[in-house]
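*Asks:* I have a structure I would like to understand better, so I am pasting it below and will then ask my questions one at a time.
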């Protein structure tokens with residue numbers, strides 16, 4: 001299920017360029033409507049093979065903006081999307097949105113103009129998509145006596161293997177059922193990693209690399225619908241991996 005939110009502020013909305021954590025905090029604040037669920041999601045999540053998944057995803061903010069130093073400044077209506085396959089998540093978010101019209105975002109007031117609740121179906125096994133937030137595929141490697149994270153780009157031959165493994169673990173965490181289904185994300189022939197690379201820094205000092213752009217996504221309609229609601233790749237609950245069908 002997906003939520004499309006439309007906000008506006010009294011004046012310019014100023015955010016740091018690395019604002020993923022601010023949006024994530026906004027979501028958890030709304031989920032505190034159900035403290036037990038919010039605590040579970042934040043501290044435990046849905047687990048599979050030693051990994052924990054929060055099973056929600058959100059887009060970057062959409063709207064007219066300009067870059068001023070290390071900040072991004074929005075000056076009109078802002079559109080934002082949040083999705084999850086977990087019904088309790090959606091019900092809790094819905095209740096919170098019904099209760100409030102004025103919200104705080106990075107110490108600034110924003111006003112909820114309207115919101116839409118949608119349930120987009122996927123009926124094909126081959127769809128064209130555009131990333132609304134970058135897709136991220138991480139690979140843990142052992143180097144110089146310690147574990148390091150390597151970010152794979154869509155041209156890397158290992159990319160789809162680890163993208164599929166991530167999908168399978170998330171699917172199994174939700175359903176409790178094993179799956180050997182695969183998915184394939186195919187960049188266009190003229191894809192240039194350097195032009196679609198997205199790097200951001202989180203408050204803990206970790207740099208995360210993702211990939212913007214338009215792709216072809218293949219898999220069963222059921223699996224693609226699941227990914228539409230949960231996001232592609234890693235770090236979905238940090239604002240990576242949301243796509244739209246084009």
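*Asks:* Viscosity 0.692 mPa s, temperature 37 °C: what is the translational diffusion coefficient of the chain from Stokes-Einstein with a Kirkwood Rh over Cα pairs, rounded to a whole number of µm²/s? Show your work: numbers first, answer last.
*Replies:* Working: Rh = 18.8 Å.
This corresponds to a translational diffusion coefficient of 175 µm²/s.
*Asks:* Count the DSSP beta bridges whose two residues both fall in region 126-245, then state the antiparallel fraction as a percent rounded to the nearest 5.
*Replies:* In region 126-245, approximately 95 percent of DSSP beta bridges are antiparallel ones.
*Asks:* At a temperature of 4 °C and a viscosity of 1.567 mPa s, determine how fast region 2-118 diffuses translationally according to Stokes-Einstein, using the Kirkwood radius over alpha-carbon pairs as Rh; express D in µm²/s, rounded to the nearest whole number.
*Replies:* It comes out at roughly 86 µm²/s.
*Asks:* How big is the gap, in Å, between the Cα center of region 3-49 and the Cα center of region 51-116?
*Replies:* 7 Å
*Asks:* Follow-up question, since we're still on this one. Using a 10 angstrom cutoff on alpha carbons, build the Gaussian network for the chain and name the most mobile of 143, 124, 100.
*Replies:* 143
*Asks:* Moving on to the next point. If I take the Cα coordinates of region 77-154 and project them onto the principal axes, what are the three extents in Å, biggest first?
*Replies:* Projected onto its principal axes, the Cα set of region 77-154 covers 52, 41, 28 Å.
*Asks:* Give the angle, between 0 and 90 degrees and rounded to the nearest 10, that separates the Cα long axis of helix 159-175 from the longest principal axis of the Cα atoms of the chain.
*Replies:* That works out to roughly 70 degrees.
*Asks:* Which shape class, rounded, prolate or oblate, goes with region 126-245 when its Cα gyration tensor gives a ≥ b ≥ c as root eigenvalues, a/c under 1.5 marks rounded, and past that a/b bigger than b/c marks prolate?
*Replies:* oblate
*Asks:* Considering Cα pairs under 8 angstrom that are at least six residues apart, work out the relative contact order of the chain and quote it in whole percent.
*Replies:* 28 percent
*Asks:* Further question on the same structure: Could you work out [θ]222 nm for the chain from helices alone, using -39500 (n - 2.57) per DSSP H run of at least four and dividing by all its residues? Round to the nearest 500 deg cm²/dmol.
*Replies:* Mean residue ellipticity, 222 nm, calculated: -8000 deg cm²/dmol.
*Asks:* Further, regarding this structure: How high is the FRET efficiency from residue 192 to residue 17, r the C-beta distance, R0 22 Å, rounded to 0.05?
*Replies:* 0.50
*Asks:* A further question follows. With a point put 7 Å past each Cα toward its Cβ, work out how far residue 161 is from residue 111 in nm, to one decimal.
*Replies:* So the two model labels end up 5.4 nm from each other.
*Asks:* Nearest 0.05, what FRET efficiency do residue 28 and residue 148 give at R0 = 45 Å with Cβ-Cβ as r?
*Replies:* 0.95
*Asks:* Could you identify which residue out of 78, 67, 22 has the top mean-square fluctuation in a GNM of the chain using Cα springs shorter than 10 Å?
*Replies:* In the Gaussian network model the winner is 67.
Read the figures in this text as sums done on the coordinates, not as results from a lab. It should be emphasised that the depicted structure is a prediction, and the values quoted were computed from it without experimental measurement. Note: ideal-geometry Cβ built from the backbone for every residue, glycine included; neighbour counts use all protein chains shown.
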